[in-house]
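Have a look at the structure below, then the notes.
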Amino acid sequence: MTWSFAARRPSVPALAFAYVTYIVAAAFGRWLMVIPGIPITVWPPNGVILAMLLTQPRQTWPWWILIGAAGELTGNVIWFQNPPLWALGYVAANAAAVTSAAFVLAPYVQAPIRRVATLPQILAFIVIGVLAAPVISATLGSAVSALAGNNPFTTTWPIWWLGDATGFLIATPLVISTVNVWRERAWPTGAQLLEGAAIALLLTAISVWEIATGATFAFLLLVPVLWAALRFEVRGAAFSVLGVAIAIGFYAQSIDPAQVSAATAALLHLKMQALTLVAASTGLIVATVIRQQRQAAVDLARANAELEARVAERTRAIEIAEQRFKATFQNAGVGISIVGGDSMLLRVNDRLAQMLDYDVDEMEGHPLDQFTHPDDLSLGEAAWSRLKSGAADDYELEKRYIRKDGSTVWGHTTVSCVRDPDGRIAYLIKIIQDITARKRSDEARQLLMREVNHRSKNLLTIVLVIARQMAARSPQDFVRVFSERLQSLAANQDLLVQSEWQYIDLTDLVRTQLEHFGTVGDRIILSGQSVMIPPSAAQALSMALHELATNAAKYGSLSNETGRVEIAWNISEDTFCISWRETGGPEVAAPRSVGFGSVVLDKMTASSLSGKVTIDYAPEGIVWQLRCPLSAIQPKR
């Protein structure tokens, strides 16, 4: 790895903070060395540098190591006065231990870190930083001490190792917590400060009691440590361990070296170190376990809240979809049904029930075939076979359904199939549109086409008959008379077209034929009830009326200014009767020969209506009368 010191240099205040903290930690370690001849038993400065390496980018590590070297050389000048060569040897020993611990720990704790948050991280710190790294510093430092002639290697090594291990446990978590508080501005609240003061007071009280009783119950110092760990996690454990170390320091200050043997003093220092190790390790492990549990509870609560939010959102979406489906299902303008795999109606909307004149409850739970016209069952069975075999997933067909009253309804049926994961039919969605009106319209259109064809043939036949009769009887007036006959037929056709070739009112028919000969109601009097007659009867009567009006205008009562015509009709039981009576015209005499007009008035009219025609040529005016069965002019039922 290549480092650029100028580019990666931390800020001057950060370097100054690390240097001052190192000096304070060294002073604290020197304060604990109270028995002559015994090397320092707790050395926190190495823990300070390890904390800086774990919380800062790796590119800045050389600067922190230099700060550690500068701090140790400063401490050597102030307190230890070792020769420069040996002092540099101690610097190298501590730097090697701290750097090795940082390189090995970094992957485990995912450095740079903001806090020690998990149990694996704290266990890695204890194993690597507390137990393994001091082996390096103790080995190198004890060797330097032996070469300097201070103490034998075997005497120095265990005390050095224990001192560095204890120092790492005290300083590293404490500095990491302090840096984290500063970074996040996570200052304690008033309640936390009050509770922290209570823990410190308890720790002080236990410490004073322990000093007074000779540290007989030193294990009680664990109580405030555990309290702080449970309440404030790693931060609380670190500060409480510092409190324990301070309490042990005060206890060490109370020991009189002159009154204890070297072995007793060594044993006391061993107890001090062991108590610090146990307190710090226990507190940190408990703190990380508590933090993980709390974080797990927070994560669980967050996950639960997110899950509840998703469930609530999904529930709302389902409710909206269900409401939309219900609105569509119930308010659709077409019939909709859901049919199970057993052909039973599972759900039916109101429109389908109305279409078949049933209640919804009367249809649901019954097979759809129960409401299908028997002649169309084969259509549905063939389509069902295609669905069941997997050959199709939907189909369309037109078939008849039976209403509750037995009448028939035509429906255009569109079916979609929903299958199970194994491919079996789960249910069908059927949309049924009432096409009865369309079917009737199609039938009426076909009937009308046949009727038009029939009537056209009949009309051409009439035209042909008229032409033949007139050509044979009055060839000299053929064009004029033939034109009048055709105009009469045309007027009649206009009236029929206006009524869409349905039944027309007899009064309208009479007015249409006579409007060219005079004002109806003045000289032409109509009397009779409203009668609707079919097109066939209308054609026959229109020709007869036209012939009578033409003769009246030429020879009869409409040929002068005083004559009148009375047209009357009535229905008596099963007989229809219509008459034409002229008065006030010239004297009438019976014709000497029978012309085409007489044929129209008599034979053609009687034949068309299955009736009987009488003509009376009375001198005062002609009287024409038709009697026919009522069925000839009334709608067929």
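The values are calculated or read from the model by the stated rules, or taken from the named source; none is laboratory data. If you're wondering where the values come from, they're calculated on a predicted model, not measured in any experiment. Positions of Cβ are backbone-derived with ideal geometry, glycine not excepted, and every protein chain shown enters the neighbour counts. Side chains included, ligands, DNA and RNA excluded: accessible areas come from the protein's heavy atoms. Shrake-Rupley method; radii C 1.70, N 1.55, O 1.52, S 1.80 Å.
A few comments on the model shown:
- Reach of K603 by Cα under 27 Å, taken over lysines that are not fewer than 8 positions away in the same chain: K457, K554, K612, K636
- Over region 1-187, the reciprocal of the mean inverse Cα-Cα separation, the Kirkwood hydrodynamic radius, stands at 16.6 Å.
- In this label model, A382 and L119 are separated by 7.3 nm, measuring between points 7 Å along each Cα→Cβ vector.
- Between R30 and A437, the contour length at 0.36 nm per residue exceeds the Cα-Cα span by 135.6 nm.
- Per-q log10 I(q)/I(0), region 332-436, q = 0.15, 0.20 Å⁻¹ (Debye; single scatterer per alpha-carbon; no solvent): -0.56, -1.01
- The figure for M272 is an accessible area of roughly 20 square angstrom, using a 1.4 Å probe on the protein chains alone.
- Largest first, the residues F125, F239 sort by 1.4 Å accessible area into F239, F125.
- Less than 5 angstrom separates the built amide H of I435 from those of W410, G411, H412, all sequence-distant by 5 or more or on a different chain.
- Extension gain for Q295 to L73 (0.36 nm times residue separation, less C-alpha to C-alpha distance): 75.7 nm.
- Reachable lysines, given that their alpha-carbon falls under 27 Å from the alpha-carbon of K326 and they are not under 8 places away in the same chain: K399, K404, K430
- For region 1-187, averaging the sequence separation of C-alpha pairs within contact (under 8 Å, six or more residues apart) and dividing by the residue count gives a relative contact order of 29 percent.
- Whole-percent carbon and sulfur share, accessible surface of region 266-321, 1.4 Å: 66 percent
- Gained length - D405 relative to L201, 0.36 nm times residue gap less alpha-carbon distance: 63.8 nm
- 1.4 Å probe accessible area per residue over region 1-187, in Å²: 43 Å²
- Computed from backbone phi with θ = phi - 60° and the Karplus coefficients 6.51, -1.76 and 1.60, the 3J(HN,Hα) list for region 342-355 is 9, 6, 8, 6, 7, 9, 9, 7, 4, 5, 5, 4, 5, 4 Hz; x is used for glycine and proline.
- For T328, solvent-accessible area (1.4 Å; no DNA, RNA or ligand), Å²: 80 Å²
- Dipole of region 322-362 computed with +1 at Lys/Arg Cβ and -1 at Asp/Glu Cβ about the Cα centre; of Q354, S337, F325, farthest Cα towards the positive end is F325.
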